[in-house]
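J.: Supplied in structure tokens, the structure appears directly below.
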Amino acid sequence: MGWLTRLRDALQPPVRIADADWDALLASSALFARLRDADRDALRASTALFLARKSFSAAGGHVLEPAHALAIAALASLSVLHLGRDALAGWHEVIVYPGEFRVRREHHDEHSGVVTEGDDVLIGEAWERGPLILSWADVATDLAHPFDGFNVVAHEMAHKLDLLDGAMNGVPALPRSIARREWIDAMQAGFDRLERAVARGRDTFIDPYATESAEEYFAVVSELHFSDPAGLARAEPAVAALLARYYDGG
Ligand SMILES: [Zn+2]
């Protein structure tokens, strides 16, 4: 990140979040209830900075209420609570659709040389240096059912963290306490186990979508870290322990 961006961000005073708005958010989801008091205070400060540094816009006819922006900022800040302020660097925009949204995609198959184009229906998307794009309906479902194994903001924030070091490859910028080799070995072993189970037609705890790529595996297990950590610890203890060290600094 350039010094100019750092300076601009540093000059941005945090938004003041009214007590009533903050209390309403905390009451809206059990996700926030299990935070320790110190973490809840840190989350409020980090959410206030997020609101100051990111611009929110609506798309697809969505009416973006201040409470939506506050909830999204808090969910995104939860992902980076123990990762330091630079974890939110490199992008500035959040775009919110009312529900699922369509994007036009071109896919080039390197083996056959065939280019196919089609519509994908998405609930979230993260562009390198570009916006974080979300379906409000899915964010609202995550707030209402925070421990069902899905969390679209945690998923897209994992992609944003992955992109921080420049390459989307399932390996985010790591704290000193986690060696790059250790991360890759644990994630690759989990990925391989999931791929074998899916190939054998087994029902898997981890969504088979995670076998798309190393970056999707990181994003899907990140969702589970926030929305069903006990389930993840049973299914993939080493991956769960690594994510706890990464996200919680433990
Ligand atoms: Zn993804």
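J.: Between 167, 177, 208, whose Cα lies farthest towards the positive end of the dipole of region 165-250 when Lys and Arg beta carbons carry +1 and Asp and Glu beta carbons carry -1, centred on the Cα centre?
T.: In region 165-250, that residue is 177.
J.: Counting only residues 5 or more places away or on other chains, whose amide H sits under 5 Å from the amide H of residue 93 once H atoms are built in the peptide plane?
T.: For residue 93, whose amide H was placed from the backbone, the distant partners under 5 Å are 55, 132.
J.: Kindly provide the trypsin sites (Lys or Arg not before Pro) of region 149-250 that DSSP labels as loop, not H, G, I, E or B, and whose Cβ sees at most 11 other Cβ atoms within 10 Å.
T.: Filter output for region 149-250: 176, 200, 202.
J.: Further question on the same structure: At most 12 other Cβ atoms within 10 Å and a DSSP loop assignment: could you name the GluC sites (Glu not before Pro) in region 85-166 that fit?
T.: Here the GluC sites (Glu not before Pro) that fit, given the DSSP loop and packing criteria, are 110.
J.: Note down the net charge around residue 93, summing +1 for each Lys or Arg and -1 for each Asp or Glu among other residues with Cβ under 13 Å from its Cβ.
T.: Net of charged neighbours comes to +1.
J.: Let's see if you can work this out: charge +1 on each Lys and Arg Cβ, -1 on each Asp and Glu Cβ, no other charges. What is the dipole magnitude of the chain about its Cα centre, in debye to the nearest 20?
T.: Computed about the Cα centre, the dipole is about 840 debye.
J.: Could you check how many percent of all C-alpha pairs in the chain are farther apart than 28 Å?
T.: Tail of the P(r) past 28 Å holds 33 percent of the pairs.
J.: Please list 72, 123 from largest to smallest accessible area, probe radius 1.4 Å, with all protein chains kept in place.
T.: Final ranking, largest accessible area leading: 123, 72.
J.: Follow-up question, since we're still on this one. What size of dipole, in debye to the nearest 20, comes out for region 165-250 about its Cα centre when the only charges are +1 on Lys and Arg C-beta atoms and -1 on Asp and Glu C-beta atoms?
T.: That gives a dipole near 340 debye.
J.: Using only the alpha-carbon atoms, what does region 130-190 span along each of its principal axes? Please give whole angstrom values in decreasing order.
T.: Projected onto the principal axes, the Cα atoms of region 130-190 cover 38, 28, 19 Å.
J.: Return the sequence-ordered ³J(HN,Hα) values of region 82-90 in whole Hz as given by the Karplus equation 6.51 cos²θ - 1.76 cosθ + 1.60 applied to θ = phi - 60°, using x for Gly and Pro.
T.: Whole-Hz 3J(HN,Hα) from phi for region 82-90: 10, 9, x, 5, 5, 5, 9, 6, x.
J.: How are the C-alpha pair distances of region 165-250 spread across 5 Å bins, as whole percents from the shortest bin up?
T.: 3, 15, 28, 27, 18, 7, 3, 0
J.: Another question, then. Can you give the calculated 222 nm mean residue ellipticity of the chain, where each DSSP H run of n ≥ 4 adds -39,500 (n - 2.57) and the sum is split over every residue, rounded to the nearest 500 deg cm²/dmol?
T.: Mean residue ellipticity, 222 nm, calculated: -15500 deg cm²/dmol.
J.: How many angstrom lie between the Cα centre of region 100-118 and the Cα centre of region 172-217?
T.: 24 Å
J.: Turning to a different aspect of this structure: Determine ³J(HN,Hα), in whole Hz, for all residues of region 98-114 in sequence, where each value follows from phi through the Karplus function 6.51 cos²θ - 1.76 cosθ + 1.60 and θ = phi - 60°; x replaces Gly and Pro.
T.: Ordered by residue, 3J(HN,Hα) equals x, x, 4, 10, 9, 10, 8, 10, 10, 10, 10, 7, 5, 7, 8, x, 7 Hz.
The values are calculated or read from the model by the stated rules, or taken from the named source; none is laboratory data. Keep in mind the model is a prediction, meaning the values are calculated, not measured. Glycine gets a Cβ as well: all are built from the backbone with ideal geometry, and neighbour counts include every protein chain shown. Protein only, heavy atoms only, side chains kept; ligands, DNA and RNA dropped before computing areas. Shrake-Rupley method; radii C 1.70, N 1.55, O 1.52, S 1.80 Å.
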